[in-house]
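The structure under discussion appears below in the form of structure tokens.
The values are calculated or read from the model by the stated rules, or taken from the named source; none is laboratory data. Everything numeric here is computed off the predicted structure, so don't read it as measured data. Glycine gets a Cβ as well: all are built from the backbone with ideal geometry, and neighbour counts include every protein chain shown.
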Amino acid sequence: MPFNTTQDLPNDPQVRIFFSGQLILSPADTSSAGEPNCEVFINSRAGNHSFSVEARQKRPGLPDGILMRTFGPLQPIGPSLGEPGNIHGMLIGVTPGGITPGSLPRGVKAYDGSTPSTEGTTSGNIFSLVELHRGDPPSVHVRTDKANTRPSIFLNDAVLYTADRTPLQFDLARGGVTKRLTEFAGIIGANIYPTLQQSVVMTWKQNGQLLTLPFEPPPAAGPRFTYEVYVSNDPLFDPDAFTTPTSAHDELAEYYKVLPGIPHEQRFTLTLVTSAAVPDKERGTPRTLCMSALGEG
């Protein structure tokens, strides 16, 4: 696990972020708290995949309030809000630059499942491109091609976990050796638990204009509400993944397009086990083959 772990995943986050599809979550520069931040690389070379972000306010007994949507490649937001350099296209997290105690971003940790949570399960279920190739002879660099994965998304204060697991089974194969994969994370969650001194925001550019969406806490005496952000780099619709599983695309082949340090002879193939396919009625993001993954930067 490229992130330090935490035993706790409380059930009262102010913001929940859900990642699905061709996205690589990697440790970034270290926060002021000594924990790594997280950079979310977006695979722009994945065929038939479309990138989008949507933020919603979850209101009890009412339809979700849609706060923002953006589609297609992100635009660099530049050195704003303390964001390093001109490499990211979106910040989701705590406003940098605070000077009061408890106001600074604390970095990103990974939930280890020690304390049961209703939010999700251990981050250990997240598919890791690094672990997949750990110990390869010769060793390889599981580093992303920045030219085809940036502008990226920057997280500076969150807890990663498995939000939902896919019930599908896959075979990993290389050099005539096959390994069976059972349930793993179909959706990666990242919860934000701000202190009273912190402000949580989303910052991005749209039509060249820098925009900021504050995720304000609910009033003390008012109705409770939270926020959810959906970050997706999936096919818009893939019916063959359910009715004809053998035609489903190989997600690892899509990832290898932006992992140039892994030679072809050391690459794995990922094949759906058709005998273990779920019924056609089991649809939705965690039922597809498009899982986000952990990388090394």
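Checked against the criterion of being farther than 18 Å from Asn37 by Cα, of a type in the set (Gly, Ala, Ser) and surrounded by 13 or more Cβ atoms within 10 Å (Cβ to Cβ), segment 180-200 has at least one qualifying residue.
Kindly provide the set of residues from segment 236-255 that are surrounded by fewer than 20 Cβ atoms within 10 Å (Cβ to Cβ) and modelled with pLDDT of 85 or more, ordered by number. Across segment 236-255, the qualifying residues are Leu236, Ala253.
Checked against (1) among the β-branched types (Val, Ile, Thr); (2) in a loop (DSSP other than H, G, I, E, B); (3) in contact with a Pro (Cβ under 7 Å, 6 or more places away or on another chain), Val130 passes all but a single condition, namely (2). Among the residues of segment 142-174, those identified as of a type in the set (D, E, K, R) and over 24 Å from Lys257 (Cα atoms) are Asp157, Asp164, Arg165. Strands (runs of 3 or more DSSP E) fully within segment 141-238 that include at least 3 residues being under 28 Å from Pro79 (Cα atoms) and more than 20 Å from the chain's Cα centre (by Cα): 209-214. The condition (being surrounded by fewer than 18 Cβ atoms within 10 Å (Cβ to Cβ) and in a loop (DSSP other than H, G, I, E, B)) is satisfied by just one residue among Asp12, Asp29: Asp12.
What are the residues in segment 96-122 that are outside any loop (DSSP other than H, G, I, E, B) and at pLDDT below 85, if any? Hits for segment 96-122: nothing passes. From (1) surrounded by fewer than 23 Cβ atoms within 10 Å (Cβ to Cβ); (2) of a type in the set (Asp, Glu); (3) out of contact with any helix residue (DSSP H, G or I) (no Cβ under 6 Å at 6 or more places or on another chain), pick out the condition that doesn't hold for Asp164. Result: Asp164 passes all but (3). Evaluation of Val229 against the conditions (1) under 23 Å from Glu183 (Cβ atoms); (2) modelled with pLDDT of 95 or more; (3) not charged (D, E, K, R) shows that the sole unmet condition is (1). Report, by residue number, each residue of segment 114-130 that is touching a residue at least 12 places away in the same chain (Cβ under 8 Å) and either touching a Leu at 6+ places or on another chain (Cβ under 6 Å) or not polar (S, T, N, Q) (or both). Result: Ser117, Glu119, Gly120, Ser123, Gly124, Ile126, Phe127, Ser128, Leu129, Val130. Within the option set Asp29, Asp64, being out of contact with any Leu (no Cβ under 6 Å at 6 or more places or on another chain), among the acidic types (Asp, Glu) and modelled with pLDDT under 95 holds for one residue only, Asp29.
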